[in-house]
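Remarks on the structure that follows.
No lab work stands behind these numbers, since they all come straight from the coordinates. Being a predicted model, the structure only gives us computed values, none of them experimental. In this analysis, Cβ positions are derived from the backbone assuming ideal geometry, glycine residues included, and neighbour counts consider all displayed protein chains.
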Ligand SMILES: [Zn+2]
Ligand SMILES: [Zn+2]
């Protein structure tokens, strides 16, 4: 059964970014507080030179909101540098259902998006929900080897991740940006989906780091926990709505719940 549309038959669903064109700012975003996250310590050499972080002048702090999806000259979503990523339309809703028990307790839930490369486009075919530990604004995966095992066994690419913001708006925190950096350097097409059920203006967003500006800011940032980032020198946003994502109504996916 062929469930995948070809790339040029004009029957695409709307690009993901059109679903939430103008996310609004919310004062609850990035609290710039350090929380007890289980982050790896930087290597000793970095720890020595980066003991004290130079404060960023307020005018240079990067906007915590995402930039718009990059348009392309021909009016179609820009696809020159990225392969498309097909996202099943029911993914966010189904993930929210899996997350409900946590969401009711104001705890985040995270999952890994894995899939296949087919007809020169990535397709999310599997949602892996790992063992995890979460708070209201963070989520840490545990037993990561179990995730790799599932991906290896099914020969899947890690295509990104999804997590809830049970009470915050739809945006990427500084911790989220660092988490996503690891995905995006593995696969430039990797996406980060944030599901924010209490954000009426934008209940979900599909983001990635701007490349090269955002990627370079995060690569050069040694801080952990919640912290402000300096705006990229070229004025572009650190992260943005993806323009290489399509919501595919014919794409089904499996859930592997390891919790
Ligand atoms: Zn988050
Ligand atoms: Zn940082």
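At full extension, residue 216 and residue 186 could sit 9.3 nm farther apart than now, given 0.36 nm per residue minus the alpha carbon distance. Legend: ranking of residues 159, 91 from fewest to most surrounding C-beta atoms inside 10 Å; resulting order 91, 159. Here each label is just a point 7 Å from Cα along the line to Cβ, and for residue 94 and residue 119 those points are 1.9 nm apart. Placing pseudo-labels 7 Å out from each Cα toward the beta carbon at residue 148 and residue 104 gives an inter-label distance of 3.6 nm.
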